[in-house]
1. Got a number for residues in the range 121-165 being touching a Gly at 6+ places or on another chain (Cβ under 8 Å) and more than 18 Å from Tyr106 (Cα to Cα)?
2. With respect to Ala156, is the statement that it is at pLDDT 95 or above, farther than 23 Å from Asn49 by Cα, crowded, with 18+ Cβ neighbours inside 10 Å and touching a Cys at 6+ places or on another chain (Cβ under 6 Å) true?
3. Among the helices (runs of 4 or more DSSP H) lying completely within the range 95-178, list those that include at least 2 residues that are among the hydroxyl-bearing types (Ser, Thr, Tyr).
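The values are calculated or read from the model by the stated rules, or taken from the named source; none is laboratory data. Just so we're clear, the structure is a prediction, and the values are computed from it rather than from any experiment. Counting neighbours? That spans all protein chains shown, and the Cβs are built from the backbone with ideal geometry, glycine included.
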Amino acid sequence: FYICGDLNSLGITHAELGNYRMAETCYKEALAIAEGLKDPQGLVTSYINIGSIYQAVSDYAKALDAYFKALKIAQAAPNPNAEAVCYNNIGVTYTDLGNLGNALSYHEKALRLHEKLIEKQATADSKLNMAAIYVDWEEIPKTERYEKAKQYLEEALAAYRELRNMRLEAMCLMDIAA
């Protein structure tokens, strides 16, 4: 089990350095090991990491494929924490694609799970993501989308203040002021 985690960690290091090919290699090796061990957590982690590489290089179809594979395994395990991460990543990918309706739907699923699991930071992060979608969603009347965005930003702001996360608190304040 440790080598799978080590390979995923090594892949993260390569990804942070921008060496996506090497990161992908590490993640795929970890995936192969997790498959051999029938380790659902290793599979979910590897698929999420593989999706993040594809997302970083704007290969959104492959990113979504990896995230949906991770989601299916997380749901079967069940692993609600991993499921929420998958929903969030799928939402972010749909945002990158400009499919704001799907993005919002997946962020709402992530939000519900984070709230159920009492994860204050992740709940606030989901609300921040949803606020950004409403700001950009031009198909919705301007006043309606700004009111929804403001609501989510204020809720996220309160949580970040409670968590003493000054960086994200400042981000919320700047977004509210904009």
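1. Summing the residues that are touching a Gly at 6+ places or on another chain (Cβ under 8 Å) and more than 18 Å from Tyr106 (Cα to Cα) in the range 121-165 gives 0.
2. So Ala156 passes the test.
3. 100-116, 120-136, 142-163
Yes or no, residue by residue, for (1) surrounded by fewer than 16 Cβ atoms within 10 Å (Cβ to Cβ); (2) modelled with pLDDT of 95 or more; (3) farther than 30 Å from Ala124 by Cβ:
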position	(1), (2), (3)
Tyr2	yes, no, yes
Gly11	no, yes, no
Leu17	yes, yes, no
Ala23	no, yes, no
Leu43	no, yes, no
Ser52	no, yes, no
Asp65	yes, yes, no
Glu83	no, yes, no
